[in-house]
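K.L.:
Just passing along the structure, written as structure tokens.
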Amino acid sequence: MALDNKNNEFKVIGSTPNRPDGLDKVTGRARFGADISVPGMLHGAVVRSPHAHAKIVKIDASKALAMKGVKAVITRADFPEGLEGEDWNLQENAMAGEKALYDGHAVAAVAATSPLAARDAAKLIEVEYEVLLHVTDVDEAMKDGAPAIREGAADYSVPEGLHPNVVRFFDTGMGDLDKGFAEADLVVERSYTTEAAHQGYIEPHACLGQMGADGRGELWCCTQGHWFIRRMSTAVLGVETTNIRVTPSEIGGGFGGKTTITIEPLSLALSRKAGGAPVKMVMNRGEVLRATGPTSSASMDIKMGMTKDGKITAAHGTFRMQGGAFPGAPVDVTTMLAFANYTIENVHHIGYDVITNRPKQAAYRAPGAPMAAFAVESTVDEMCRTLGLDPIETRLKNASRDGTRSTFGPKFGPVGLVESLEAARDHANYKMPLGPNQGRGVASGYWMNWGGETSASVAMSEDGTVTVSVGTPDIGGSRASMALMAAEAFGIAYENVRVNISDTGALGVNEPTHGSRATYASGLATIKAAEECITKMCKRAADKWGIDADAVIWEDGSAKPSGPNAGEFDPLSIGEICAEMGETGGPISGHYEGSPTGFSGSFGTHVVDVEIDPETGHTTVLRYLVVQDAGKAIHPAYVEGQFQGGAAQGIGWALNEEYIYGEDGRLQNPVFLDYRIPVASDLPMIDTVIVEVPNPGHPYGVRGVGETGITPPLPALANAIADATGLRMRGLPMTPPKILAALKAQKNG
Amino acid sequence: MSKVHVTTTVNGDQAEFLCEPRETLLDCLRDKLHLTGSKEGCGTGDCGACSVTVDDRLVCSCLMLGVEAEGKEIKTIEGMADGENLRPLQAKFIEHAALQCGVCTPGILVASEALLKKNPDPTEEELRYWLAGNLCRCTGYDKIIRAVMDAAAEMRETS
Ligand code: FES
Ligand code: FES
């Protein structure tokens, strides 16, 4: 696809108007998942396993059912049998079958007339368990003698002789590793670990489901993708996909974690059993942390070779990742992107997807990329330090760029890694003097971005204003971006565009707001649908003038005669054409349906300065710089917001956040006090530089910026800590006690 | 369980509800008075999404019981704007793109307003520590801090 506007002379793109939903969101009016109520509504509550791994011997709900106000109890017996593959995984995760597979796994649910009654009733449901041996650590789960969580869960890719907890295996590479390592002056081999981190959206999952005995109904919920929720929920319930219409509420953060189902099918099943009364379910924070997917934890071995002048000659990585009790740890992406920053001729990746007694992992911002980045970018930094090389110059020397072959196979098109490195190098932050106990770290990261199934409509109104309907929920200002792109395409004011997030009944299938695709794919769809409207409006003008439609052009929101007819008729404005459309042929609208493939990845480089307190081991982030390629920033303030938010999440993952399991396999920190995400006083301002290397696959050059930003902070902080202290931390999170212990060990030689 | 009749003032208007003694003020505001602007992010006093003021004191409404509202003066996000006129903080949050998903926004606005009432000219550090009880997972706080500082400056000028 050609870049429609090569010279980037945009009228409204690149401006920063107020978001259309801003007023609702600063006045408390915006309705999020838990804010929706309907008459006759019941309330649901879930009974969850307190054991990491246990056979469910018996469930006795008689006491609960005898309670006043209790209308229905469901267990796995209320779900259809015979599901396969990921549908079975989703069903088993939504409601345990023969075994509870992790602490927090749902085993029953109840609907009652008030939230308190439902909670009281849930406590009266008696579940008899036979506790089984459990395993929560990825390396332990692969060892001989580890309890097998589910025999037969492995797919064809797993070589014989591996533990049954290894369920998928990846082995990719190219070139000649021996030759590559032989060419190196320095070969370094290191091991790293990262812990599971939760997306940590502030809004817990919430939904309101209604389903009648005929299996038809409605679902309101906070989700990143309501078509995904529709497909998954109906599959789990064994009803036809279109039986349920799903309407998304406003969504209080998702970061990947709200692309899948948890309580949604339970509310529908409870509703059906309760005779079709709507059932509202709202998770509490403990349920969110225990029972919804955090990301994977990882254990990794990296071997890299470098010449004295900084050329990377070979790289090998082994990645072992657990994604909870089901297949799906994003090892495929981890192996694919591990070395993506670099042009390396000889490269090899091995990946293991391992199941453990933890909740089913869910996507988390750039799923799979940050772990590998931590290992690889830490190794590269260590090599630079050993060889006395500048980390940015070394990265520039090996950087992926237009025309180089990626370490995962295809050649790169125009990408902005070099530009991001140069902008980081030239930024004031990179030159700030550092004091005692202070250090600077650099790292780069990549996300390949995504197109995905996309359907959108644009409808003209009688007054010449425009309604855009997209299927990607607005999590961070995307209504504003869509409105800007539509305004640009039509040549009208931003204020004359209204953007709807449509329900599943109003558009064709849309993938979620995930993969950094919303601004790219829904944006492209909006522009294409607008162009269809423009074509139709030109035709109306041509008919009125009695000339050929080809002889009409669209400029600044008006149809104008062109070519031999230029100047012959007065331009017809969008308002004039739309005012008459009822008489000139009826309503005018445009549509786009497709799976756009012109997406292109986004590289970024982060520079962080830290100070380590030698008394406590505490890391203070002094200043932070994010440089990233946006292709084209549609609404720069929300692009910066993505950069800053990604960096903050990465900082949390690097320094603080982790899933802590006890000996008993129970999650030890299922509250925000103990699962501590960064607070305002933990962070400095986060400086940003938006690099713009246009993506030729989008009419306005958009890439998608959501995910890359969480990737570099993990290694950048480890590299800064190494610079400040000489300590190389190879396990996340780098908490004060760990740093203090390492400082002590360093002192004692 | 028998319910308690509570009479209180919410955003300047008299309000009454019946609640069980164990129900939180947050649940009463949301479920009984249908003021859903205050959010529950944790229910344990750690996230600040439920921030309201009670007799001008900033509290986590998830940590207070509904029955404790008897005779008190409660203010929530719904009462912040003056009719159709936004408070400077609200306008600055929109202008600075200080919200992404927006679910933390009501709590952060209520908490910031409470700070500026006590301290119209906070330093960045004072503001960051004041807001340390209000979690935002989307923004990294940068634009939130800028919006509050800017609103504070504007409020100082016009007062
Ligand atoms: S809900 Fe009250 S502090 Fe989180
Ligand atoms: S804007 Fe989403 S949590 Fe703050």
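Derivation of every value follows stated rules applied to the coordinates shown; laboratory data play no part. Since we're looking at a predicted model, the values are computed, not measured. Using ideal geometry, Cβ is built from the backbone for each residue, glycine included, and neighbour counts are taken over all protein chains shown.
K.L.:
May I ask which of A:71/B:32; A:273/B:3; A:63/A:280; A:258/A:360; A:71/B:3 have a Cα-Cα span longer than 24 Å here?
P.N.:
Flagged as over cut-off: A:273/B:3.
K.L.:
When each pair of different Cα atoms in chain B is counted once in the 1/r mean, what is the Kirkwood radius in angstroms, to one decimal?
P.N.:
Hydrodynamic radius (Kirkwood, Cα pairs) of chain B is 16.0 Å.
K.L.:
Relative contact order for chain A using alpha-carbon pairs under 8 Å, separation at least 6, rounded to a whole percent?
P.N.:
Taking the mean separation of contacting Cα pairs over the length of chain A, I get 16 percent.
K.L.:
Could you list, by residue number, the cysteines of chain A that have no other cysteine's beta carbon within less than 4.7 Å of their beta carbon?
P.N.:
Among the cysteines of chain A, those whose Cβ sits 4.7 Å or more from every other are A:222, A:384, A:533, A:538, A:578.
K.L.:
Quick one: Cα centre-to-centre distance for region A:266-344 and region A:8-44, in angstrom?
P.N.:
Using only Cα atoms, the two centres lie 29 Å from each other.
K.L.:
Sorted from largest to smallest, which semi-axis lengths in Å does the alpha carbon gyration tensor of region A:154-227 give for its equivalent ellipsoid, taking the root of 5 times each eigenvalue?
P.N.:
Calculated on Cα positions only, the semi-axes equal 47, 21, 14 Å.
K.L.:
Per residue of A:201-213, how many C-beta atoms from partner chains lie within 10 Å of its own C-beta, taken as a mean?
P.N.:
Across A:201-213, the average partner-chain Cβ count within 10 Å equals 3.
K.L.:
So for region A:175-253: antiparallel DSSP bridges make up what percent, rounded to the nearest 5?
P.N.:
Counting DSSP beta bridges with both partners in region A:175-253, the antiparallel share is about 50 percent.
K.L.:
Right, something else. How big is the gap, in Å, between the Cα center of region A:489-506 and the Cα center of region B:8-40?
P.N.:
Result: 36 Å between the Cα centres.
K.L.:
Determine which lysines satisfy two conditions relative to residue A:308: a Cα distance under 26 Å, and not lying fewer than 8 residues away in the same chain.
P.N.:
Answer for residue A:308, where 26 Å is the Cα cut-off: A:179, A:397, A:431, listed by chain and number.
K.L.:
Follow-up question, since we're still on this one. Among the complete DSSP H segments of chain A, which ones combine at least 24 Å of alpha-carbon extent along their axis with a mean Kyte-Doolittle hydropathy of 1.0 or more?
P.N.:
Length and hydropathy pass: none found.
K.L.:
Please report, for the Cα atoms of region B:88-158, the Rg to one decimal and the Dmax as a whole number; what are they, in angstrom?
P.N.:
10.8, 32
K.L.:
What average count of beta carbons from other chains do you get within 10 Å of the Cβ of residues in A:685-693?
P.N.:
Partner-chain Cβ atoms within 10 Å, mean over residues of A:685-693: 2.
K.L.:
What lysines does residue A:528 reach when the alpha-carbon gap must be under 27 Å and sequence neighbours fewer than 8 apart in one chain are set aside?
P.N.:
Once the sequence-local lysines are set aside, what remains near residue A:528 is A:6, A:11, A:536, A:539, A:544, A:560, A:632.
K.L.:
Mind checking the angle between helix B:105-118 and chain B's longest principal axis? C-alpha axes, 0 to 90 degrees, to the nearest 10.
P.N.:
So the inclination is approximately 80 degrees.
K.L.:
I would also like to ask the following. List the extent of the Cα atoms of the protein assembly as shown along each of their three principal axes, largest first, rounded to whole Å.
P.N.:
82, 81, 64
K.L.:
Counting other beta carbons within 10 Å of each Cβ, put A:558, A:62, A:522 in order, fewest first. Don't jump to the answer; show the numbers that get you there.
P.N.:
On the way: A:558 19, A:62 10, A:522 31.
With the sparsest Cβ surroundings first, the list reads A:62, A:558, A:522.
K.L.:
What is the distance in Å between the Cα centroid of region A:189-263 and that of region A:147-165?
P.N.:
28
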